[in-house]
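What follows is a single structure, written as structure tokens, with notes after it.
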Amino acid sequence: MRPKLGRPDLRGYAARFDVPAAGPGSPLTLTWLGVTTLLIDDGAGALLTDGFFSRPSLAAVALRRIAPDPGRIAACLERAGIRELAAVLPVHTHFDHALDSAAVAARTGAVLAGGGSVAEIGRGGGLPAARIVLATSGEPLTFGDFDVLPIESEHCPPDRFPGPITAPVVPPVRLSAYRCGEAWSTFVHHRPSGRRLLVQGSAGFVPGALAGQRAEVVYLGVGQLGLQSERYLTEYWTETVRAVGARRVVLTHWDDFFRPLDRPLRALPYTGDDLDVSMRVLTELAARDGIPLHLPTLWERADPWA
């Protein structure tokens with residue numbers, strides 16, 4: 001079969017970029033910063049998933065050793081208004097999630113929280129032991145007014161670099177150093193407002209793993225999802241969105257992460273994913289369940305509970 005060339009045209013989904021904007025009275029805001037980097041902020045404290053801002057080019061990733069880009073990290077943190085964070089929470093440890101995690105934690109005074117693979121990235125990035133928090137599936141972590149519950153999940157197939165990271169990752173390194181490690185379904189409960197969020201970073205799942213959990217809003221990773229069968233997409237929706245009783249879904253991990261954030265976003269090429277397939281199937285599932293389905297707007301403070 002001839003490979004499908006090009007990439008989806010985001011203009012066809014313009015009406016989907018309509019997550020409710022945050023207002024002065026929003027007790028909790030979410031700001032999407034590409035891939036599955038998400039700022040979760042209540043004005044008094046903040047968490048950040050991933051913190052991936054360097055976004056090296058495809059050529060750099062394929063041919064050279066990669067490392068965090070201090071200039072790009074600083075510029076993105078400034079634009080997002082991020083100065084201090086309670087925690088940085090990688091959803092797994094592939095480079096497009098965890099390349100910058102230790103550097104962002106170091107700059108913002110945050111702890112770096114995750115499994116053993118995240119700990120090795122923290123050690124390689126020079127974080128002291130006191131700033132690395134080991135997470136265990138099903139055991140909550142508390143950061144100020146936030147309770148974070150990590151539940152171990154699976155990476156969307158195929159996982160090109162599976163397995164744990166077992167030694168400190170000291171950049172610059174080859175792409176293969178960033179093995180997947182532990183993939184998480186990350187629940188965030190903001191106690192003062194009672195709001196609950198699920199960040200599903202990778203389009204994988206463990207059947208039944210989220211049973212009994214609740215989240216009104218799901219930021220649902222769709223990277224590589226468009227290459228799966230319709231049956232897989234339906235199972236993924238059932239095991240995440242339906243399982244937690246979500247009332248709003250925002251899709252992430254569809255953007256071309258080899259393109260820097262100071263340029264207009266574009267979708268991943270068809271060779272790596274097919275957003276058109278994901279949008280067609282998920283739109284049908286969302287309509288059937290009566291759930292609003294959105295794409296997030298880069299840099300925009302949103303209130304998806306509004």
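Of all residues in region 265-306 being assigned to a loop (DSSP other than H, G, I, E, B), over 19 Å from the mean Cα position of the chain (by Cα) and among the small types (Gly, Ala, Ser), which is surrounded by the most Cβ atoms within 10 Å (Cβ to Cβ)?
The selected residue is 306.
Condition first: touching a Gly at 6+ places or on another chain (Cβ under 8 Å) and part of a loop (DSSP other than H, G, I, E, B). Now tell me which residues in region 217-235 satisfy that.
224
Among (1) touching a helix residue (DSSP H, G or I) at 6+ places or on another chain (Cβ under 6 Å); (2) crowded, with 22+ Cβ neighbours inside 10 Å; (3) of a type in the set (Asp, Glu), which single condition is residue 96 missing?
Going through (1) touching a helix residue (DSSP H, G or I) at 6+ places or on another chain (Cβ under 6 Å); (2) crowded, with 22+ Cβ neighbours inside 10 Å; (3) of a type in the set (Asp, Glu) one by one, residue 96 breaks only (1).
Table: residues versus (1) within 20 Å of residue 183 (Cα to Cα); (2) outside any loop (DSSP other than H, G, I, E, B); (3) without any contact (Cβ under 8 Å) to a residue 40 or more places away in the chain.
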| site | (1), (2), (3) |
| --- | --- |
| 19 | no, no, no |
| 25 | no, no, yes |
| 31 | no, yes, no |
| 36 | yes, no, no |
| 54 | no, no, no |
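Assess whether residue 178 counts as being of a type in the set (Phe, Trp, Tyr), within 28 Å of residue 20 (Cβ to Cβ) and in contact with a Leu (Cβ under 8 Å, 6 or more places away or on another chain).
no
Considering (1) touching a strand residue (DSSP E or B) at 6+ places or on another chain (Cβ under 7 Å); (2) of a type outside the set (Asp, Glu); (3) outside any strand (DSSP E or B); (4) without any contact (Cβ under 8 Å) to a residue 60 or more places away in the chain, say which one residue 88 fails and leave the rest.
(3)
All but one of (1) part of a loop (DSSP other than H, G, I, E, B); (2) crowded, with 17+ Cβ neighbours inside 10 Å hold for residue 119, so report the exception by its number.
(1)
Residue-by-condition table, conditions (1) of a type in the set (A, V, I, L, M, F, W, C); (2) at pLDDT 95 or above; (3) touching a Pro at 6+ places or on another chain (Cβ under 8 Å):
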position	(1), (2), (3)
32	yes, yes, yes
47	yes, yes, no
55	no, yes, yes
72	no, yes, yes
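What is the one condition in (1) of a type outside the set (A, V, I, L, M, F, W, C); (2) within 13 Å of the chain's Cα centre (by Cα); (3) at negative phi that residue 79 does not satisfy?
(2)
Scan region 150-163 residue by residue and report those that are of a type outside the set (Gly, Ala, Ser) and surrounded by 20 or more Cβ atoms within 10 Å (Cβ to Cβ). It would help to see each step written out before you state the result.
Of the residues in region 150-163, the ones of a type outside the set (Gly, Ala, Ser) are 150-152, 154-162.
Within region 150-163, 150, 155, 156 meet the criteria.
Return only the number of the condition from (1) surrounded by 14 or more Cβ atoms within 10 Å (Cβ to Cβ); (2) within 30 Å of residue 173 (Cα to Cα); (3) hydrophobic (A, V, I, L, M, F, W, C) that residue 22 does not satisfy.
Here residue 22 meets the rest and fails (2).
So if I check each of 230, 284, 239, which one is at pLDDT 95 or above, touching a Phe, Trp or Tyr at 6+ places or on another chain (Cβ under 8 Å) and of a type in the set (Asp, Glu)? Can you show your working first?
On the way: 230 fails: touching a Phe, Trp or Tyr at 6+ places or on another chain (Cβ under 8 Å); 284 fails: touching a Phe, Trp or Tyr at 6+ places or on another chain (Cβ under 8 Å).
On inspection, the qualifying residue turns out to be 239.
Run residue 204 past the list (1) under 25 Å from residue 17 (Cα atoms); (2) part of a loop (DSSP other than H, G, I, E, B); (3) free of Cβ contacts under 8 Å to residues at least 24 places away in the same chain and report the number of the one that doesn't hold.
(3)
Show the residue pairs that are 6+ apart or on different chains and have beta-carbon atoms under 6 Å apart, the first residue being within region 221-240 and of a type in the set (Phe, Trp, Tyr), the second being assigned to a helix (DSSP H, G or I).
Close Cβ pairs (under 6 Å, with a partner that is assigned to a helix (DSSP H, G or I)) amount to 237/285.
Considering 217, 222, 241, which residue is buried (at least 16 other Cβ atoms within 10 Å of the Cβ) and touching a helix residue (DSSP H, G or I) at 6+ places or on another chain (Cβ under 6 Å)?
Every option except 222 fails the conditions.
Could you say which residue among 186, 166 is of a type in the set (S, T, N, Q), modelled with pLDDT of 95 or more and surrounded by 14 or more Cβ atoms within 10 Å (Cβ to Cβ)? Steps first, please.
Details: 166 fails: surrounded by 14 or more Cβ atoms within 10 Å (Cβ to Cβ).
Only one candidate qualifies: 186.
Which numbered condition in (1) within 29 Å of residue 64 (Cβ to Cβ); (2) out of contact with any Ser or Thr (no Cβ under 6 Å at 6 or more places or on another chain); (3) surrounded by fewer than 22 Cβ atoms within 10 Å (Cβ to Cβ) is the only one that residue 130 fails?
(1)
The values are calculated or read from the model by the stated rules, or taken from the named source; none is laboratory data. Nothing here was measured: the structure is a model prediction, and the numbers come from that model. No Cβ is skipped: glycine too gets one built from the backbone with ideal geometry, and neighbour counts run over all protein chains shown.
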